[in-house]
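Below is one structure, written out as structure tokens; the observations come after it.
The values are calculated or read from the model by the stated rules, or taken from the named source; none is laboratory data. Keep in mind it's a predicted model, so treat the numbers as computed, not measured. SASA here: full protein model, heavy atoms, side chains in, ligands and nucleic acids out. Shrake-Rupley method; radii C 1.70, N 1.55, O 1.52, S 1.80 Å.
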Amino acid sequence: MADSTAGKLQIYEVEESTTTTVTCIVRCVAGVVRTGQHFSIDSDTGSNMVGSPLILDWINRYERLVDFIDPPHSAKVHMSGEVVGTLERGMTLTAITVGK
């Protein structure tokens, strides 16, 4: 069943941001979210994404790096991509499949 639900993260706070990376406090609101996954910004919480998807580089829970989180857990995450500068509190990110 978990495979049919795309992983979703909701941004609680943007802590640090550069032109290509961002560190945020997030809450997993659906599915299982794993490091290495690609994400797009949901159209109902943000503008249409232009450029490459966001990549989830790492997840930190209670000062420990973990491979995944699931609802309703929160964590600090680090993401990279061209559109990280558009992220803000309340936006929802959905895991996507990227073709090879």
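Take the residues in segment 18-44 that are assigned to a strand (DSSP E or B) and among the charged types (D, E, K, R), then tell me which one is farthest from A6 (Cα to Cα). Give the derivation first.
Residues of segment 18-44 assigned to a strand (DSSP E or B): 21-30, 33-34, 38-41.
Within this subset, residues satisfying the condition of being among the charged types (D, E, K, R) are 27, 34.
Numbers: R27: 14, R34: 11 Å.
Filtering segment 18-44 for residues that are assigned to a strand (DSSP E or B) and among the charged types (D, E, K, R), the one farthest from A6 (Cα to Cα) comes out as R27.
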Taking segment 51-70 and the residues there that are open to solvent by less than 60 Å² (accessible area, probe 1.4 Å) and in a loop (DSSP other than H, G, I, E, B), the one that is nearest to S40 (Cα to Cα) would be P53
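Only one residue in K100, K76 is at pLDDT below 95 and open to solvent by 20 Å² or more (accessible area, probe 1.4 Å). Which one?
K100
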